[in-house]
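The structure under discussion appears below in the form of structure tokens.
The values are calculated or read from the model by the stated rules, or taken from the named source; none is laboratory data. Treat the numbers as computed from the prediction; the structure is a model and nothing was measured. Cβ placement follows ideal geometry from the backbone for every residue including glycine, while neighbour counts extend to all protein chains displayed. We work out accessible area using only protein heavy atoms, side chains counted, and drop any ligands, DNA or RNA first. Shrake-Rupley method; radii C 1.70, N 1.55, O 1.52, S 1.80 Å.
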Amino acid sequence: MEIIYTKDPAWLDKWDDFVRTNDIGSHLMLSDWVSSYRSYGFDAEYCLCLENGNITGGFAAIIAKVAFFKFYIVPYGPIASGETSGLLDKLIGFVPQRAKHFGAAYAHVALPIGNRGNVHFIQKEMSVQAAEGHQFPYVYSSNGLNWIDLKNTTEEMLLERFKSSTRRDLRAAMRKEMDVVFLETEAQVKAGYDLCLVNAASNGYALRDWASFKPTLLSLIGKGAAKFIGVSKENDLKGAILLVKAGNFYTYILGGTKKEKPDLLPGHLLQWEAIRLSLREGLDGYNISLGGSKGVMDFKDSFGTAHLLYEQSRYHWVLRPMLFKSYRFFEKRMKPYKKTIARWLSKLKR
């Protein structure tokens, strides 16, 4: 077994292939997704475990830098093929070691542990020598899947699992004669993302601006790792959703629709197209994603979802206690400004 730490593009292409086709993989580990944190002045590296030149496990680490504080963040994983080999335990142990190499005050991991018979979870019991929970909230980690099971089913069978109101609204949306299109050119992608930005502003949450997120979106779509699905009527884009594929399934990342009267119900049609795409590709499920307002969660759950949460998945190490204590003092006073902290971080390039 060989362990390397790398940023080499050739290795990152191989890593992305491993993440996309490993059932435990997540879009949070893809190199394009990780590189999006550069807009905040953060760095990154990849720990790869090799056997005969093939990747058998690893993790993506974001090296967050804020003023004189450093944090070594593994937003998802580590993961490995062949969980019983003990490789996962070794990889977890490498995280605090590598964090010390960079002089980080703190490190954490987010392990997709669960015992639900779902192949996209780490099934075995883990004993992690670290404190539970996360103390650095500025790099996103998922807490589970909002799963639509697609095994041994058809479109007709799925429709029967939806709430009756959802079936009604979906059929109404289909009658509106909207066109489904995959947004791929820069102009198309920007138009779709603009809808997402408007949606975010109207619902009181923040998204990265187009300039900072454009390279990530175009690269993911160009490589076929993401689909930006839009619906339009008479060449007017009515809604769009972004899906990213990793772990052998698609995850819903973000979306936006035009608010009009009468309501064309583009959101229903878009999610239905995401489900149909997953069925066409023979995937075993679709992650419509957790989170959102009560209305958003009710909408997602109306598609017959199951909330599959990770169990005891978040662990951290405080490596430089005095420095970390200073950070906590600083962070506490910044907490009221959490909505603007992303914009503030983007100006602290180091």
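Numbers for the structure displayed
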read-out	value
Packing-based ranking, highest mean first, of 94-106, 59-71, 164-176 given that Cβ atoms within 10 Å are counted	59-71, 94-106, 164-176
Tilt relative to the chain, helix 321-334 - C-alpha long axis, 0 to 90 degrees, to 10	30 degrees
The range 245-292: translational diffusion in µm²/s, Stokes-Einstein, Kirkwood Rh over Cα pairs, 20 °C, 1.002 mPa s	179 µm²/s
Solvent-accessible area, 1.4 Å probe, carbon plus sulfur percent, for the chain	52 percent
Pairwise Cα inverse-distance average, inverted: Kirkwood Rh of the range 217-258 (Å)	11.0 Å
Candidate lysines for bridging to Lys238, where Cα separation is under 25 Å - those fewer than 8 sequence places away on the same chain excluded	Lys163, Lys176, Lys190, Lys214, Lys227, Lys258, Lys259, Lys261, Lys294, Lys300
Whichever aspartates and glutamates have a C-alpha closer than 13 Å to that of Lys245, once near sequence neighbours (fewer than 8 apart) are set aside	Asp16, Asp17, Asp23, Asp32, Glu281, Asp284
Size of the range 51-104 as Cα extents on the principal axes (Å, biggest first)	40, 19, 16
Per residue, in Å², the accessible surface of the chain once ligands and nucleic acids are set aside, probe 1.4 Å	46 Å²
Rounded to the nearest 20 debye, dipole of the range 234-324 from Cβ charges on Lys, Arg, Asp, Glu	320 debye
For q = 0.18, 0.23, 0.26 Å⁻¹, Debye-computed log10 I/I(0) when each Cα of the range 75-136 counts as one equal scatterer	-0.69, -1.04, -1.25
When the convex hull of its Cα atoms is projected in every direction, mean area for the range 130-186 (nm²)	8.9 nm²
Neighbour net charge for Val318 - beta-carbon separation under 11 angstrom, K R +1, D E -1	+3
Quarter of the Cα convex hull surface for the range 1-103, i.e. its orientation-mean projected area (nm²)	6.2 nm²
Radius of gyration and maximum dimension Dmax of the chain, Cα, Å	20.6, 63
Reach of Lys332 by Cα under 26 Å, taken over lysines that are not fewer than 8 positions away in the same chain	Lys65, Lys70, Lys100, Lys347, Lys349
Test item: Cα-centred dipole of the chain, Lys/Arg +1 and Asp/Glu -1 on Cβ, debye	1660 debye
P(r) histogram, all alpha-carbon pairs of the range 146-304 included - 10 Å bins from 0, percent	10, 41, 39, 10, 0
Rg(Cα)/(2.2 N^0.38 Å) for the range 172-230, N = residue count	1.25
